[in-house]
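No value in this document is a laboratory result; all are computed from the given coordinates. Small disclaimer: the values here were computed from a predicted structure and weren't measured. Please note: Cβ atoms are built from the backbone with ideal geometry, for glycine as well, and neighbour counts cover all protein chains shown.
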Amino acid sequence: MDTVNSRTWIDASAEPLAAHAERDLAALVDVSSPSGDVEAAESVVAVATALLPDGVETERLECSSPDHAPDLLAHMRGTGERRLLLLGHLDTVIPHAAHHPLRREGELLRGPGTIDMKGGVALSIGVLRALTERREDFDEVALLLVVDEEWRSVPFVHAERFTDFDACLCFEGGELTEDGDDAVVVNRKAAGTIRVAATGRAAHSGSEPEEGRNALLALARVAQILAGHDAPEGPNRLTVVPTILSSGDAFNIVPGDGELFADVRAASLGAIEAVMDDLPDEIDGVELNAEMTRRWPAMQMAERAAAPLALASELLGRPIVGAERGGASDASHLAAGAPLLAIDGLGPLGGGSHAPDEHVVAESLRTRAEVALALVASVLSGAAA
């Protein structure tokens, strides 16, 4: 795309893209799709497929997580040179019982999964729609929508398929800088879930408590050890948060076993593994076994993203700033597993992820559509090379 044509395309495409996106968001949110529910995943994939533009081919790819519905891949070929991947997920963390359809409250669009990340999915579908008339500008554009992002604990299987693409743009929720400029995510922390299993000895807590080996007390000590590693201002920007402790079967029995989970984020997976290395194998006769059940690599794209962001800012006529975010994303897997540029956080503005007040700011569908279109134009012009 040349500069003049790109600016014209951005200006002409942003308003209809945003209008479509609000309707598409309603259709996606109205389907409850908690992660791991196969029937719900099939339903929301069917909706997403129906929203795709004409002339787009679709495939169902085996999901990374076992016993899940297949993921959805939509793609179209052009006559140009660049290859671009758009990325998102359709699953949410909100259970069916807490689901409600999208509703508008003033400037806020409220509903489960609005910001994380059906609002971004709606924008990504809109970008694909806008590109259907620009096939001379790309060799291939693909949209990958997965159904297991929220709870995946196994390796991401799709990265290798896109090793020869030029860039991946992921549509997790967007943000603004302190100065009010549009921001996208170029750096993310690594993320890991540590599970500690405790094996002690059950005993009657009234007649012979001394015969027991209390797994609950041992895990409580481990939780304190883990929390003691929390150092967000340190060189590894390490955060360690114990999140789940389960132990005990009855009020009058010394707990004989149990498990503890902790969410750990750091500049690298190595820093997370170092936390595990410091955990004891035994406390007061209770055997402890630690493992990392979830491994998400860090994403470090600030340097590679500088030129595409500069050109996108020029095309848009306002700054687009690269930012860091602590939360994990599938963009990290693409950045680590394939030699392509990855930029995230292209979705709309909003808040309340994973919470009852989850929402998207309606006006931001237009402004973030402009950001996404500008980055697409920048990448397809060769700025990502």
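Please list, in order, the residues from the range 22-41 whose amide nitrogen is less than 19 Å from a point placed 7 Å along the Cα→Cβ vector of HIS96.
Residues 28-41 qualify, since their backbone N sits under 19 Å from the label point.
How large is ³J(HN,Hα), in whole Hz, for each residue of the range 196-206 in order, when computed from phi with the Karplus curve 6.51 cos²θ - 1.76 cosθ + 1.60 and θ = phi - 60°, using x for Gly and Pro?
10, 9, 10, 10, x, 8, 6, 7, 5, 7, x
Apply the Karplus parameterisation 6.51 cos²θ - 1.76 cosθ + 1.60, with θ equal to phi minus 60°, to every residue of the range 269-285 and state each ³J(HN,Hα) to the nearest whole Hz, in sequence, with x for glycine and proline.
5, x, 5, 6, 4, 5, 5, 4, 5, 8, 7, x, 8, 7, 9, 6, x
Any idea what angle helix 3-29 forms with the longest principal axis of the chain, computed on alpha-carbon atoms, 0 to 90 degrees, nearest 10?
50
Could you work out the pair-distance distribution P(r) of the range 190-295 from its alpha-carbon pairs, with 5 angstrom bin width and percents rounded to whole numbers?
Once binned at 5 Å, the Cα pair distances of the range 190-295 give 3, 14, 24, 20, 15, 10, 7, 4, 2, 1, 0.
Given labels modelled 7 Å from the Cα in the Cβ direction, how far is it in nm from ASP179 to GLU210?
Each label point is offset 7 Å from its Cα along the Cβ direction, giving 7.1 nm.
Quickly rank 46-53, 226-233, 13-20 as a protection proxy: mean count of other C-beta atoms within 10 Å, highest first.
Sorting 46-53, 226-233, 13-20 by mean packing, highest first, produces 13-20, 46-53, 226-233.
Give me the distance between the Cα centres of the range 148-202 and the range 39-114, rounded to whole Å.
Measuring centre to centre over Cα atoms gives 17 Å.
Just the Cα atoms of the chain, one point each, no solvent: what log10 I(q)/I(0) does Debye give at q = 0.12 Å⁻¹?
-0.90
Can you give the extra length, in nm with one decimal, that the chain gains between ARG77 and GLU259 once fully stretched, where that is 0.36 nm per residue apart less the Cα-Cα distance?
60.6 nm
Take every Cα-Cα distance within the range 309-385, group them into 5 Å bins from 0 onward, and report for each bin the whole-number percent of pairs it holds.
Bin by bin from 0 Å, the calculated values are 3, 14, 19, 23, 21, 12, 6, 1, 0.
Would you mind computing, in nm to one decimal, how far apart the modelled labels at ARG318 and GLU133 are, each placed 7 Å from Cα along Cα→Cβ?
The answer from the label model is 2.4 nm.
Let me have the 222 nm mean residue ellipticity of the chain computed from DSSP H runs of 4+ only, each contributing -39500 (n - 2.57), with the sum over all residues rounded to the nearest 500.
Here the helix-only value at 222 nm equals -9500 deg cm²/dmol.
Along each principal axis of its Cα atoms, how long is the range 107-238 end to end? Whole angstroms, biggest number first, please.
Principal extents (largest minus smallest coordinate, Cα): 79, 38, 35 Å.
Which residues in the range 117-144 place their backbone N less than 15 Å from a point set 7 Å from the Cα of THR8 along the Cα-to-Cβ direction?
Zone members listed by number: 133-137.
For a footprinting-style exposure proxy, rank LEU309, LEU102 by other Cβ within 10 Å, fewest first.
LEU102, LEU309
Could you run the Karplus curve 6.51 cos²θ - 1.76 cosθ + 1.60 with θ = phi - 60° over the range 166-176 and give me ³J(HN,Hα) per residue in whole Hz, x for Gly and Pro?
Ordered by residue, 3J(HN,Hα) equals 7, 7, 10, 10, 9, 10, 4, x, x, 7, 10 Hz.
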